[in-house]
Every structure is written in structure tokens, then in C-alpha cells.
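Inspection log for the structure reproduced underneath, given as C-alpha cells.
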Amino acid sequence: DAGVTQSPTHLIKTRGQQVTLRCSPKSGHDTVSWYQQALGQGPQFIFQYYEEEERQRGNFPDRFSGHQFPNYSSELNVNALLLGDSALYLCASSVGISSGANVLTFGAGSRLTVL
Amino acid sequence: RKEVEQDPGPFNVPEGATVAFNCTYSNSASQSFFWYRQDCRKEPKLLMSVYSSGNEDGRFTAQLNRASQYISLLIRDSKLSDSATYLCVTDGSSNTGKLIFGQGTTLQVKP
């Protein structure tokens, strides 16, 4: 049973560039959330996708956008990269957006370095 | 003020020791509470949920004090393999999958 898979695992970009990160949820899960984890900090919620719509959003600028596909996989896009966007980006999947939604399974993350 | 606050540590303890971590949360409407474990450069993994009545899983005991808005994790008989960062997590009252993480507390168990 495959868990949450993310790609790429590591990537290096320069300031001003754009990046797309991808996530496939755990089998049986239909909700995908994205978190940003800076070095030495806990993960911070970026947004959540369910039924191909953004359902909740954290305190992140519009440079961060996403998408969910009919097969429940998801992408995170970040435009106009800043040095401060360097972080581990974690995808988490769950079931629905009510009581079961708090049981998250995380992927191994995509480590983004912005130079 | 952060919504979930933890002492980042590190806590350095010898094998076999008992160690306790506390965390405080600011939103009194929070409904769900968790402890996650994160190994170096790995993803967070759920260690245990925290219930109002307190709960135990082997060497790990979690407690919730709603009146004081703090959560604790007690690890008895520490093992080398317990070395990790422990993240205190709440749902911030949403119960919809938006989790709020503390900074994490680093534990290093020494032989």
C-alpha cells in the first residue's frame, strides 16, 4: 500500500524563478494539504484541497498556489521565489474535511533551496 | 504569540531516564491534540493523539489540561531510538485537517 509520494525530493532554484511540486496521496485518501517547514521550525499550513477545490488557506501570499486533479493528486506552485521560500515542503493526505480530516499521513517532502 | 509553544530544547538524557515535554496552546476552542515525532530530515509521523482523560501507549503517556491549555508527553525508560524532535499539534478548533504545529522539542538520548 503506497503512502504519500512527493516529487522531486530535492531541488535548487534561483530568486525570481517558479517551482512546481507534486504529490500523490495515500491510497483511499481524497484530501491533500501542503505544509512548509523552515529549518528549526514546525510545519506551517499552506492550504488544503478537496474535490479539486482549495478549502482552507493559511497565512501565505498569493505567490503560493495549488491544484488538485481528479485522481486526488496535487501540485503546489510557488512564483517569484524568494530566499525565504527555502524550506521542506510537506504534502499530507487524509480523508474528507470533517472528523477524519485530522488524521494526516505525510510524504517525505520536497526540499527546496533558493539561491 | 505563537498558537502552539514548545521549549525547543535540546533535552539530553541518558538511556533509561524519564523525560517530560510540555507545550501550551492559545486557542481555547481547540478540539484535537496530537504528538508527532520527526526524525532528522524526515517527515513527521503521528506518535499519539491526546485525550482529555489522558492516554498511554507503552512507554509514552500523553495528558491534556484544558483549563491551563497545556499538553504533556512523558517518555519512560528512554531508548537511544527515541532521539528525535517531538512536535506538539492542535487543530486550532477547526477539526477539518488544518493542523497547527509547535516548533518542536529535540530529544537526544545518550548511551
Report summary line: Considering segment B:8-20, residues that are in a loop (DSSP other than H, G, I, E, B) and out of contact with any Gly (no Cβ under 9 Å at 6 or more places or on another chain), and then whichever is surrounded by the fewest Cβ atoms within 10 Å (Cβ to Cβ), we arrive at B:Gly16
Query raised in the report: Across segment B:75-103, which residue is nearest to A:Ser94 (Cα to Cα) among those that are assigned to a loop (DSSP other than H, G, I, E, B) and within 7 Å of chain A (Cβ to nearest Cβ)?
Result: B:Gly97
Report task. Name, by its number, the condition in (1) within 12 Å of chain B (Cβ to nearest Cβ); (2) free of Cβ contacts under 8 Å to residues at least 12 places away in the same chain that does not hold for A:Gln6. Result -> (2)
**Report entry** Residue list for segment B:51-105, filter: modelled with pLDDT of 95 or more, on the phi > 0 side of the Ramachandran plot, loosely packed, with under 14 Cβ neighbours inside 10 Å and of a type outside the set (Asp, Glu)
**Finding:** B:Gly58
Query raised in the report: Being surrounded by 14 or more Cβ atoms within 10 Å (Cβ to Cβ) and within 21 Å of B:Lys45 (Cα to Cα), is that true of even one residue in segment A:76-85?
Result: no
Requested in this report: Report, ordered by the first and then the second residue, all pairs with beta carbons closer than 7 Å, sequence separation of six or more or different chains, a first member in segment A:50-68 that is within 20 Å of A:Lys26 (Cβ to Cβ), and a second member that is surrounded by fewer than 17 Cβ atoms within 10 Å (Cβ to Cβ) and not acidic (Asp, Glu).
Outcome: A:Glu52/A:Pro70; A:Gly66/A:Asn77
Query raised in the report: How many residues are buried (at least 17 other Cβ atoms within 10 Å of the Cβ) and of a type outside the set (Asp, Glu) when one looks only at segment B:33-50?
Result: 10
Query raised in the report: Is there a residue being part of a loop (DSSP other than H, G, I, E, B) and buried (at least 20 other Cβ atoms within 10 Å of the Cβ) anywhere in segment A:4-22?
Result: yes
Query raised in the report: Which residues, taken from segment A:77-88, are of a type outside the set (Val, Ile, Thr) and either over 12 Å from A:Tyr35 (Cβ atoms) or away from every other protein chain (no Cβ under 11 Å) (or both)?
Result: A:Asn77, A:Asn79, A:Ala80, A:Leu81, A:Leu82, A:Leu83, A:Gly84, A:Asp85, A:Ser86, A:Ala87
Report task. Please go through segment A:23-68 and pick out each residue that is loosely packed, with under 13 Cβ neighbours inside 10 Å and away from chain B (no Cβ under 14 Å). Result -> A:Ser27, A:Gly28, A:Glu52, A:Pro61, A:Asp62
Report task. Filter segment B:30-52 for residues that are more than 9 Å from chain A (Cβ to nearest Cβ) and within 13 Å of B:Tyr70 (Cα to Cα) and give the result. Result -> B:Ser30, B:Phe33, B:Trp35, B:Val50, B:Tyr51, B:Ser52
Query - Residues located in segment A:98-110, provided they are at the interface with chain B (Cβ under 8 Å from one of its Cβ atoms) and either at pLDDT 95 or above or crowded, with 21+ Cβ neighbours inside 10 Å (or both) - result: A:Ala101, A:Asn102, A:Leu104, A:Phe106, A:Gly107, A:Ala108, A:Gly109
Report summary line: Among strands (runs of 3 or more DSSP E) entirely inside segment B:30-72, those with 2 or more residues being under 18 Å from A:Phe106 (Cα atoms) and of a type in the set (Phe, Trp, Tyr) are B:33-38
**Report entry** The lone exception for A:Val114 - which of (1) crowded, with 17+ Cβ neighbours inside 10 Å; (2) within 25 Å of B:Gly92 (Cα to Cα) it fails
**Finding:** (2)
Report summary line: Listed by first then second residue, the pairs whose first member lies in segment B:21-32 and is crowded, with 19+ Cβ neighbours inside 10 Å, whose partner is charged (D, E, K, R), with beta carbons under 7 Å and at least 6 positions apart or on separate chains, are B:Cys23/B:Glu5; B:Tyr25/B:Glu3; B:Ser30/B:Asp91; B:Ser32/B:Asp91
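The values are calculated or read from the model by the stated rules, or taken from the named source; none is laboratory data. This is a predicted model, so every value here is computed, not measured. Here Cβ is always computed from backbone atoms with ideal geometry, including for glycine, and neighbour counts include all displayed protein chains.
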